[in-house]
Amino acid sequence: MADEKNILEEETIQNSDQAVETEVNDSGAAEAVNETSSEEASLEDQLVHAQEKTVELEAKLAEVENRYYRLQADFDNSRRRARLDLESSEKYRAQKLISDLLPSIDNFERALQMETDNEQMKSVLQGMEMVYRGLLEALKNEGAEQIEAVGKEFDPQVHQAVMQVEVEGVESNIVVEEFQKGYILKDRVIRPAMVKVNL
């Protein structure tokens, strides 16, 4: 009987050891499951954070690229404007000088319209006419020319009408008289011709 009691005690001890081991294994497995789900949650958080960071960086990259393209376009436009300004200043470099000379040329034209019987005065007028032609030749060499007016159709781009008259035998809108010569430099009007136009 004592042997049976000993065997029963040993079985009870073994069963209780097994129960403790099972509890320990179950709690270890639960902790392992908890650790695994905690690691998965942490990885998911990191993945979401990485995706948000990626979206943010892509937006910043798009903004920087947009600014770069705008700056590049501004630079190209500035370079084109500078080139056009340089070409324009080269093309019309004589405009200021020509504009300053026009009143003197007008005075020469008025002086040359004088009539005289005095031989000395005729010599002076011939000299003035030579200077006048030299000035016109210099203007022509720079690309400036007189605007043709009398007998031409009125063009508001190059003519300035100061009077209108009715002249028989002349078509309507034709320039019949020029009061002051106009000048054009290449394709730019420096001064329009002042004219009288037929109605």
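The values are calculated or read from the model by the stated rules, or taken from the named source; none is laboratory data. Everything quoted here is computed from the prediction, not taken from an experiment. Cβ: placed from backbone, ideal geometry, glycine included. Neighbour counts: every protein chain shown. Quick note on the areas: whole protein, heavy atoms, side chains included, nothing else; ligands and nucleic acids left out. Shrake-Rupley method; radii C 1.70, N 1.55, O 1.52, S 1.80 Å.
Tabulated data for the structure shown
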quantity: Neighbours by Cβ (under 8 Å, 6+ apart or cross-chain): first from region 122-147, within 16 Å of residue 182 (Cα to Cα) and small (Gly, Ala, Ser); second open to solvent by less than 70 Å² (accessible area, probe 1.4 Å) and in a helix (DSSP H, G or I); calculated: 144/98
quantity: So residue 91, is it in contact (Cβ under 8 Å) with a residue 12 or more places away in the chain, surrounded by 14 or more Cβ atoms within 10 Å (Cβ to Cβ), under 22 Å from residue 186 (Cα atoms) and more than 37 Å from the chain's Cα centre (by Cα); calculated: no
quantity: Count of region 173-199 residues which are of a type outside the set (D, E, K, R), part of a loop (DSSP other than H, G, I, E, B) and open to solvent by 80 Å² or more (accessible area, probe 1.4 Å); calculated: 1
